[in-house]
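Student: Starting off with a structure, shown below.
The values are calculated or read from the model by the stated rules, or taken from the named source; none is laboratory data. Values in this document were obtained by computation on a predicted structure and should not be read as measured data. All Cβ positions, even for glycine, are placed from backbone atoms using ideal geometry, and neighbour counts span all protein chains on display.
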Amino acid sequence: MTLQLILSLTSGIIISGIAAYLGTLMLSKRMSVVAGPLAHLAFPGVAIAILCGFDLALGVFPFVLLGAIFIWLLERKTKLPMENLSAVIFATGVGSSLLFLPIAEAEEALVGNIMQISSIETIMITILGIIVFFSTQKIYKNIILINIHEDLVKVDKKNIDLYNLVYLLAVAVVVALGVYLVGGLITAALIAIPAGASRNISSSLFQYKLWAVIFGILGTVMGIIFSLIFNLSAGPLIIVSGAIIFLLSLFFQK
Amino acid sequence: MVLALNVPKISNNRKQSMNKLLEVKNLKVILDHEVIHDKLSFSIKEGEMLTILGPNGAGKSVLLKVLLGLLPYDKGKIIWHKKPRIGYLPQNLNRLAVKNLPLTVEDFFKLKDIVYSHQEITNSLQSVGLENTILKKPIHILSGGQFQRMLISWVLISKPNMLFLDEATAGIDIGGDENIYSLIDTLRLQSPLTVVMVTHDIHVVYAHSDTVLCLKRKSHACFGKPKTILTPQLLEKIFGMEVKFYEHQ
């Protein structure tokens, strides 16, 4: 096994595992779809990074994080539903990037570059992955309660806005990492598919979280192996593998 | 509106302390530039069951949230004479959100900050008349009555001495709601528990409350013992329609 393959598998496993874990929470909030628009916000960042010759991360992270904070502020200041805010963010991301994005050079941003990931990037992904995992674990119970009724959490003098902000920032980091793995077009699938498949077969919260992470990682490992066998892009193959797992989960529904 | 009032003999030996737990003086609440409550004064004694009665839009839930510190108030005073351990069951819990997750009854108890043992959860469920076999069941298959009992048990496991219930029986069939109120009566006999309950069900007030605070839109209409103050004329004034009732002895 080459060093590059080890780096690709390590990064892929971390990103897909975290995305699946957070995805279980997003499904419960009916927010799986929000990851898509956020990922598209990466495109203006990608355009700037390519035009200015920066590393992709320097373009992607600020835009996606700012997008998450922007959604958080809009959600507090307006009475608009998340669905509408997502559409606004989506259009802003795609519209502004189409003005500048050199499409021919943007393949990396569209379908990911996990097979060429560097050691430095793998270290960065590992550190961010650990931070997001523990942050998500910390807010998990309360986000579920907020979703059932905000007052169940407010009555204990807890700051709902802070929980929602940490949650959205975790989503933003996972989405930005997802751009490395499968590209901005299909990042949402990394979050939505494993959680959906796991929901189909699980009958407790523990099973739900565990199977989602297993399915996320399995899809990614399958995608990377298929990419080596068929010499195709890993990003789309990871998503196709995830979709196959989802289809199989339908036969074991609980 | 015709109401059949079944007034059971509530135990006379229910020991009520005469100590005031909460006092509200000249409360004014403005929400979205609209005056919801003005010059509202009442008090709650330890061990008492106070019902907040009124039609839709009278600000019952708003008042509950103000007492709990979840909403601000503009004038007046809310004085707690003792620091209570509060248990609160809000109105309209999002059952759909529960359905989106494969959440068992046991999982739901694990969402609390404090970790309770299997035995503690079982005891709490049994105190509301639920078998421990329900622990591994997904929440979304529970009936309305079972779901509501489980919620009350979820609130009671923290051993509150002050319970706030907002329309605790909404969505439960007739009969099922009576069970919930009888259950609360039983729990009050077992341990010192002060209860503030929001309802628009007049029957509940007569059958289960020590005192009633009736609210009308933008004003309060009465505060006192239900049998003394709730006359058909007053009910008509509160609900804005003729209210007839029969009291079964």
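Student: If I filter segment A:140-153 for residues that are within 30 Å of A:Val46 (Cβ to Cβ) and in contact (Cβ under 8 Å) with a residue 12 or more places away in the chain, do I get at least one hit?
Tutor: yes
Student: In the list B:Gln126, B:Gln146, which residue meets the criterion of being more than 14 Å from chain A (Cβ to nearest Cβ), loosely packed, with under 14 Cβ neighbours inside 10 Å and either touching a residue at least 12 places away in the same chain (Cβ under 8 Å) or not charged (D, E, K, R) (or both)?
Tutor: B:Gln126
Student: Return a yes/no flag: does segment A:106-113 have any residue that is within 14 Å of chain B (Cβ to nearest Cβ) and either more than 20 Å from A:Thr24 (Cα to Cα) or crowded, with 19+ Cβ neighbours inside 10 Å (or both).
Tutor: No; the residues of segment A:106-113 include none that is within 14 Å of chain B (Cβ to nearest Cβ) and either more than 20 Å from A:Thr24 (Cα to Cα) or crowded, with 19+ Cβ neighbours inside 10 Å (or both).
Student: Here's something else I'd like to know. State yes or no: is B:Lys237 at pLDDT below 85 and surrounded by fewer than 17 Cβ atoms within 10 Å (Cβ to Cβ)?
Tutor: yes
Student: Looking at this structure, is A:Thr187 in contact with a Ser or Thr (Cβ under 6 Å, 6 or more places away or on another chain), within 16 Å of A:Ile125 (Cβ to Cβ) and away from every other protein chain (no Cβ under 14 Å)?
Tutor: The answer is no for A:Thr187.
Student: Which of the residues spanning segment B:152-166 are crowded, with 19+ Cβ neighbours inside 10 Å and either of a type in the set (D, E, K, R) or not in a helix (DSSP H, G or I) (or both)?
Tutor: Answer for segment B:152-166, where residues must be crowded, with 19+ Cβ neighbours inside 10 Å and either of a type in the set (D, E, K, R) or not in a helix (DSSP H, G or I) (or both): B:Ile157, B:Met162, B:Leu163, B:Phe164, B:Leu165, B:Asp166.
Student: Quick one: which helices (runs of 4 or more DSSP H) lie wholly within segment B:62-128 and hold at least 3 residues that are within 21 Å of A:Tyr208 (Cβ to Cβ)?
Tutor: Fully inside segment B:62-128 and qualifying: B:95-99, B:105-110.
Student: Here's something else I'd like to know. Given the options A:Leu248, A:Leu228, A:Leu232, name the one that is farther than 26 Å from B:Pro102 by Cα, over 17 Å from the mean Cα position of the chain (by Cα), without any contact (Cβ under 8 Å) to a residue 60 or more places away in the chain and surrounded by fewer than 20 Cβ atoms within 10 Å (Cβ to Cβ).
Tutor: The unique qualifying residue is A:Leu232.
Student: Now for a different question. Right, A:Gly12: surrounded by 23 or more Cβ atoms within 10 Å (Cβ to Cβ) and touching a Ser or Thr at 6+ places or on another chain (Cβ under 6 Å) or not?
Tutor: So A:Gly12 passes the test.
Student: Out of the residues in segment A:193-216 meeting the condition of being surrounded by fewer than 20 Cβ atoms within 10 Å (Cβ to Cβ) and away from chain B (no Cβ under 11 Å), tell me which one is nearest to A:Leu27 (Cα to Cα).
Tutor: A:Leu210
Table: residues versus (1) surrounded by fewer than 17 Cβ atoms within 10 Å (Cβ to Cβ); (2) more than 9 Å from chain A (Cβ to nearest Cβ); (3) more than 20 Å from the chain's Cα centre (by Cα); (4) modelled with pLDDT under 90.
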position	(1), (2), (3), (4)
B:His33	yes, yes, yes, yes
B:Leu50	no, yes, no, no
B:Pro55	yes, yes, no, yes
B:Leu64	no, yes, no, no
B:Asp74	yes, yes, yes, no
B:Tyr88	no, no, no, no
B:Leu93	no, no, no, yes
B:Leu101	no, no, yes, yes
B:Asp107	no, no, yes, no
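Student: Still on this model: Can you report the number of residues in segment A:59-88 which are surrounded by fewer than 19 Cβ atoms within 10 Å (Cβ to Cβ) and of a type in the set (Val, Ile, Thr)?
Tutor: Adding up the residues that qualify gives 3.
Student: Taking the conditions exactly as written (in a strand (DSSP E or B) and either modelled with pLDDT of 80 or more or within 10 Å of B:Leu53 (Cα to Cα) (or both)), does B:Val204 satisfy them or not?
Tutor: no
Student: Let me ask something else. Filter segment A:133-172 for residues that are charged (D, E, K, R) and within 13 Å of chain B (Cβ to nearest Cβ) and give the result.
Tutor: Residues satisfying the conditions are A:Lys138, A:Lys141, A:Glu150, A:Asp151, A:Lys154, A:Asp156, A:Lys157, A:Lys158.
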